[in-house]
Amino acid sequence: MKYPDLSDLVLGSGAGSVAIVGTAKNVGKTVTMNYLSAALAGRGLVVGLVSSGRDGEVTDAFTGEPKPSIVPPEGAWIATAEGVLGESAGFLEIADVSEKAGVLGRLVIGRMRESEPVELVGPQSAKELARVVERLHDFGAQVVLVDGALDRVAAASPGVTDAVVLSTGASAHSDLALVAKSTAFVVELWSLKTPGDPDVLALARRAIESGRVSFLDEIPLAGSSRHDGSSLAPDNTPRYRVRQTAFDTVLGCEEKVLSQAGEAAYVVVPGAVSEKFLAEAEGMEFRDSFAVVAKDPTALFVRSEPPLPVYVAHEIRLLAITVNPVSAGGYSCEPREMVDAVSLEVYRSTGKRIPVLDVVSGESNFGEVYGVAVG
Amino acid sequence: MTIWERVSPKSSLGRRVKSRVEPKLPGQEEELRAELREVSSLSEAWKTYPDVFSKLDNVLVTLKDPFHAIILLKEERALTAPEIFVLAHLAFSVGRVRSVMAESKVKWPPRTVPPSLDPVEQRLLPGFAGQPVFYIADSYSPELSRVRTERKAKEKLWRDEMTKEAGEVERLLGRRPGIREEIAIRKTNIQAVEQARLMPELGEVRETLTHVHFRLKATREALRLEREISRLRQKETHLEGEVLAFLSADLRAWKDELEKAAWALGELDYLLRKAELAVRWDAREPVINNETGPLVLEGAFHPGVREEVEGRGGKYQPLSLTIDSPVSVVTGPNMGGKTASLATVGLCVSLAQWGFLPPCSGLEFSLYDYVYFQPETPGKPGLSSFASEVVALKELLTRIEDRGLILLDEVGRGTNPSQGLALYAAVLDYLRKRAGDRSTVLASTHYHGLASHLDVPHWQVAGLSPGDGDLEESDAANGGKDIDWLYRHMDYRLVKVGPDTPVPQDALMVAKVLGLHGEIIRRAEEFVAGAGRCEFRRDEPC
């Protein structure tokens with residue numbers, strides 16, 4: 001049986017844009033991007049490439065080791081800063097130059113006339129990234145790959161890309177069990193779901209769009225008023241009303257925000273959700289079912305499992321995990337070992353069978369071996 | 001958003017023009033008339049041919065700022081490829097704008113029509129159709145073309161060489177490695193490591209705790225090709241640089257046209273924004289008089305206030321008034337109607353002098369050197385509102401020699417009423433004496449007697465319509481109306497009244513309508529009625 005490869009998974013998902021997010025440096029993210037873009041181009045698709053921040057540096061700034069560069073296939077559309085293109089940019093058909101200039105100059109969008117190594121430098125903010133992705137689509141790219149990392153995770157936000165591939169490897173941790181656990185944790189975080197109640201979800205989305213921290217208060221059933229932001233129901237399910245605060249962030253004012261919670265059922269946070277906020281919320285002894293709704297999993301800045309229920313207004317779609325079993329300096333292991341370890345740990349933590357692949361060796365684990373009960 | 005912020009050019013070129021504009025001052029009446037005529041005729045054209053204008057806007061919104069490139073041309077420096085793209089895009093956009101303009105039946109002011117840049121377009125975008133792209137095409141330099149072809153051919157040969165090597169390694173690894181791949185073999189796999197070390201196709205790169213890393217070693221032929229390729233790439237870069245240099249030299253001959261074109265598009269953008277506003281406001285061309293004369297305003301509105309009122313479900317009544325006296329007084333209820341009136345007058349005059357068609361159906365006036373408007377909100381921190389007012393008045397008086405439209409909003413409200421009133425009256429008297437032959441003062445107040453004391457025209461905001469039928473005792477009993485109700489029933493029109501007409505005594509009515517406890521209202525009414533017409537003084541018991 002021929003297992004699907006990464007390009008099959010991307011095509012099968014129908015995603016028009018995919019973020020490749022690395023958990024650390026040297027985990028094979030660039031190799032994954034090159035592999036995927038070549039595979040998609042090989043299947044006749046026009047690929048777009050952009051990075052959030054800077055990547056594809058020709059030598060590793062720290063170790064001085066030669067790093068693989070991003071090598072877009074011929075005909076691919078790329079976006080990068082003019083400062084890293086060289087004066088002539090001879091390999092690029094320039095189709096757009098942005099008005100705003102960053103540290104490395106304006107953002108240039110163009111099509112590769114031949115396949116050449118290139119440094120990709122792009123915008124860091126989710127909003128600008130999303131715009132660039134759209135521009136690349138406008139110019140004809142069918143699948144846009146967005147390079148990102150856990151410390152510039154905007155690429156993975158559902159507002160920027162349709163799906164994500166997580167890249168990890170031996171360089172992330174000195175020990176395989178740790179690699180597997182930390183990967184599983186990310187997957188767990190990224191598996192946060194939208195609230196089950198569609199009305200709560202709709203209200204939360206609207207509240208997030210307003211840009212204000214908001215509370216959802218349950219409306220007493222008798223004599224529900226037709227106020228702005230409330231939902232009505234003829235049956236006995238709880239209904240909610242949005243109560244906006246003046247805050248547009250919780251960072252630095254976690255306590256102040258939570259002191260306004262009152263009897264709220266949910267707090268909806270439009271921006272970053274810090275560990276401190278979750279800890280304070282847990283400490284405040286709200287009603288049992290009090291929950292936090294974040295914009296999407298990339299808004300959560302936590303290192304361990306949240307102490308209270310957290311939902312998201314937009315879910316992340318994780319297509320696959322790629323692993324690089326070879327680390328930059330120390331520990332390495334067999335591809336098969338790493339692929340299996342990561343796959344199992346992810347399944348144990350989340351119950352999900354996320355495909356794990358090593359694009360170099362070709363080893364993969366689709367989780368089909370896991371039975372109902374895992375010992 | 002302020003009105004100025006609403007004037008939002010589509011391009012950075014338009015923004016440049018916007019940042020350079022100045023209002024027209026006394027002495028520039030003819031220029032201003034010409035400017036306003038332009039806006040008026042274009043706004044009429046917009047209503048008739050909206051398609052033309054949206055086509056132009058579609059081009060304007062894609063424009064890139066070419067000034068950095070133009071400066072480089074002037075300094076006779078070579079451009080980079082992205083900068084040449086920007087100029088190519090400019091030439092392309094100019095072509096589109098010119099063709100839309102030519103096909104339309106609109107008369108375009110000459111400074112907004114960019115000169116033709118067709119030769120630039122042809123030079124930079126040879127054989128182009130559709131969206132403009134720029135690259136250093138082979139056609140620019142036959143030698144470049146030759147070098148590129150040779151380089152590509154050698155690269156292919158190199159790849160073939162390395163692929164052969166990779167094929168040899170396949171047997172060892174069980175799979176074909178990538179040409180540039182770093183192959184890691186586990187140390188525990190002693191046999192494989194030994195074999196790899198013996199293979200001439202593989203070179204050891206480094207060793208870690210657990211693996212030994214190898215790369216495909218280049219054959220002698222591959223190495224030779226690598227050197228060739230490197231040399232050719234250097235040549236290629238050099239030739240590309242030469243192409244950039246001679247393209248830049250060619251463009252240098254066009255630098256003036258390019259700059260003219262850029263400014264023309266900027267002027268077009270800015271003018272279109274003015275016309276757009278005029279259409280939205282259904283604004284008319286004002287009459288600018290050379291000689292000092294009355295200020296006549298008809299059907300004027302403040303766009304921000306109107307939006308707010310209509311947003312609350314109210315109906316906004318436009319403002320009309322004729323000011324033919326150096327000082328006039330405006331009174332009215334405490335609901336912001338006075339401030340809104342002053343602001344509307346100031347806005348219409350200012351906009352007109354900045355070259356916009358103001359939001360009104362008629363405006364006739366003569367140009368001012370300045371417009372002064374001090375609204376209610378105090379400015380400086382650390383000073384009481386009254387003290388800030390005094391400081392602001394001092395600043396105003398430094399311009400007493402010039403012709404100003406002076407809009408004073410409730411001066412003296414933040415202090416002892418009798419002294420506040422006295423000070424205000426004195427300020428107005430001073431302005432009338434010293435600047436009455438040239439400046440126009442509109443002063444709002446909630447003090448009674450200012451107009452009669454100075455014997456000046458007295459305008460009053462119509463206010464809450466009394467005979468509405470909704471203002472009943474029962475409303476107060478039922479918790480009253482809400483503040484939006486009040487705003488909805490506010491009539492912002494100014495009506496001319498006699499100098500002695502009393503200031504509306506509306507505070508208690510407002511409180512009653514809003515449902516403040518009846519007992520408090522009754523007591524307040526007693527205080528007011530006590531000892532005839534008693535103004536509730538702090539220093540004298542009633």
query = Which condition breaks for A:D358 when tested against (1) more than 14 Å from every other protein chain (Cβ to nearest Cβ); (2) within 22 Å of the chain's Cα centre (by Cα)?
reply = (1)
ask   = If you check B:V120 against the conditions, is it among the aliphatic types (A, V, I, L, M) and within 14 Å of chain A (Cβ to nearest Cβ)?
value = no
note = Among residues of the range A:291-336 being in contact (Cβ under 8 Å) with a residue 12 or more places away in the chain and among the charged types (D, E, K, R), the residue farthest from the other protein chains (Cβ to nearest Cβ) is A:E315
query = If you take the residues of the range B:510-542 that are hydrophobic (A, V, I, L, M, F, W, C) and part of a loop (DSSP other than H, G, I, E, B), which of them is modelled with the lowest pLDDT?
reply = B:C542
request  = Tell me which residues, restricted to the range A:161-179, are among the aliphatic types (A, V, I, L, M) and at pLDDT below 95.
outcome  = A:A170, A:A172, A:L176, A:A177, A:L178, A:V179
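Filter the range B:281-291 down to the residues that are more than 18 Å from B:S350 (Cβ to Cβ) and out of contact with any Asp or Glu (no Cβ under 6 Å at 6 or more places or on another chain), then identify the one that is surrounded by the fewest Cβ atoms within 10 Å (Cβ to Cβ). Break it down into steps so the answer makes sense when it comes.
Going residue by residue through the range B:281-291, those that are more than 18 Å from B:S350 (Cβ to Cβ) are B:282, B:290-291.
If we keep only those that are out of contact with any Asp or Glu (no Cβ under 6 Å at 6 or more places or on another chain) too, we end up with B:282, B:291.
Working: B:D282: 13, B:E291: 6.
Residue satisfying both the conditions and the ranking: B:E291.
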query = In the range A:1-20, how many residues are free of Cβ contacts under 8 Å to residues at least 60 places away in the same chain and of a type in the set (S, T, Y)?
reply = 1
query = Assuming B:H68 fulfils every condition listed in (1) assigned to a helix (DSSP H, G or I); (2) crowded, with 20+ Cβ neighbours inside 10 Å; (3) within 14 Å of chain A (Cβ to nearest Cβ) apart from one, which condition is it?
reply = (2)
request  = Report yes if A:G75 is within 30 Å of B:R148 (Cα to Cα), away from every other protein chain (no Cβ under 14 Å) and at pLDDT 95 or above, otherwise no.
outcome  = no
note = Checked the range B:172-181 for anything facing chain A (nearest Cβ under 8 Å) and over 17 Å from B:W158 (Cα atoms); matches are B:R175
note = Output for Cβ contacts, cut-off 6 Å, separation at least six or different chains, first residue in contact (Cβ under 8 Å) with a residue 60 or more places away in the chain in the range B:45-66, second in a loop (DSSP other than H, G, I, E, B) and surrounded by 12 or more Cβ atoms within 10 Å (Cβ to Cβ), reads B:A45/B:V106; B:D57/B:K10; B:L60/B:K10; B:L60/B:S11; B:L63/B:S11
remark   = Those residues of the range B:407-442 which are under 16 Å from B:F386 (Cβ atoms), among the aliphatic types (A, V, I, L, M) and in contact with a Phe, Trp or Tyr (Cβ under 7 Å, 6 or more places away or on another chain) amount to B:V411, B:L421
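Could you tell me which of the residues B:E194, B:E228, B:E168 is more than 14 Å from chain A (Cβ to nearest Cβ), modelled with pLDDT of 90 or more and farther than 30 Å from B:S139 by Cβ?
Working: B:E228 fails: farther than 30 Å from B:S139 by Cβ; B:E168 fails: modelled with pLDDT of 90 or more.
Just a single option satisfies the conditions, and that option is B:E194.
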remark   = Quick count over the range B:448-483, residues being among the polar types (S, T, N, Q) and modelled with pLDDT under 70, is 3
key: Unmet criterion (only one of (1) more than 30 Å from B:F53 (Cα to Cα); (2) within 14 Å of another protein chain (Cβ to nearest Cβ)) for B:G266   = (1)
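Conditions (1) of a type outside the set (V, I, T); (2) assigned by TED's automatic domain parsing to the domain that holds B:P66; (3) in contact (Cβ under 8 Å) with a residue 12 or more places away in the chain, marked per residue:
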site	(1), (2), (3)
B:I229	no, no, yes
B:L232	yes, no, yes
B:K235	yes, no, yes
B:S248	yes, no, yes
B:W263	yes, yes, yes
B:G266	yes, yes, yes
B:D269	yes, yes, yes
B:L272	yes, yes, yes
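A quick yes/no check of all residues on (1) assigned to a loop (DSSP other than H, G, I, E, B); (2) crowded, with 21+ Cβ neighbours inside 10 Å; (3) touching a residue at least 60 places away in the same chain (Cβ under 8 Å); (4) not aromatic (F, W, Y):
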position	(1), (2), (3), (4)
B:V296	no, no, yes, yes
B:R306	no, no, no, yes
B:V309	no, no, yes, yes
B:T322	no, no, no, yes
B:S328	no, yes, yes, yes
B:P333	yes, yes, yes, yes
B:T339	no, yes, yes, yes
B:A343	no, no, yes, yes
B:L347	no, yes, yes, yes
message = Residues that are under 44 Å from the mean Cα position of the chain (by Cα) and among the basic types (K, R): list the strands (runs of 3 or more DSSP E) wholly contained in the range B:172-278 that include at least 3 such residues.
response = none
message = What are the pairs with Cβ atoms under 9 angstrom where one residue, in the range A:137-152, is farther than 20 Å from A:A39 by Cα and in the same structural domain as A:G53 (by TED's automatic domain parsing) and the other, located anywhere, is aromatic (F, W, Y) and modelled with pLDDT of 95 or more? Sequence gap at least six, or different chains.
response = A:F139/A:W77
request  = Could you run through the range A:79-101 and say how many residues are out of contact with any helix residue (DSSP H, G or I) (no Cβ under 9 Å at 6 or more places or on another chain) and more than 7 Å from chain B (Cβ to nearest Cβ)?
outcome  = 5
key: Only one of B:V39, B:V21, B:V86 that is buried (at least 16 other Cβ atoms within 10 Å of the Cβ) and more than 14 Å from every other protein chain (Cβ to nearest Cβ)   = B:V39
request  = Please give the number of the condition B:V147 fails out of (1) in a helix (DSSP H, G or I); (2) among the aliphatic types (A, V, I, L, M); (3) more than 14 Å from every other protein chain (Cβ to nearest Cβ).
outcome  = (3)
ask   = In the range A:9-48, which residues are of a type outside the set (A, V, I, L, M, F, W, C), under 25 Å from A:L150 (Cα atoms) and in a helix (DSSP H, G or I)?
value = A:S13, A:K29, A:T30, A:T32, A:N34, A:Y35, A:S37
ask   = Considering only the range B:42-65, how many residues are surrounded by fewer than 13 Cβ atoms within 10 Å (Cβ to Cβ) and not in a helix (DSSP H, G or I)?
value = 1
inquiry  = Yes or no: the range A:159-180 includes at least one residue that is free of Cβ contacts under 8 Å to residues at least 40 places away in the same chain, more than 21 Å from A:S13 (Cα to Cα) and among the charged types (D, E, K, R).
reply    = no
request  = Kindly indicate which of B:T163, B:T188 is out of contact with any helix residue (DSSP H, G or I) (no Cβ under 9 Å at 6 or more places or on another chain), away from chain A (no Cβ under 12 Å) and modelled with pLDDT of 85 or more.
outcome  = B:T163
request  = Give the residues of the range A:102-143 that are of a type in the set (S, T, N, Q) and either over 25 Å from A:D162 (Cβ atoms) or within 14 Å of chain B (Cβ to nearest Cβ) (or both), sorted by residue number.
outcome  = A:S115
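The values are calculated or read from the model by the stated rules, or taken from the named source; none is laboratory data. Remember, predicted model here, so these are calculated numbers, not experimental data. So basically every Cβ, Gly included, is an ideal-geometry build from the backbone, and we count neighbours across all protein chains shown.
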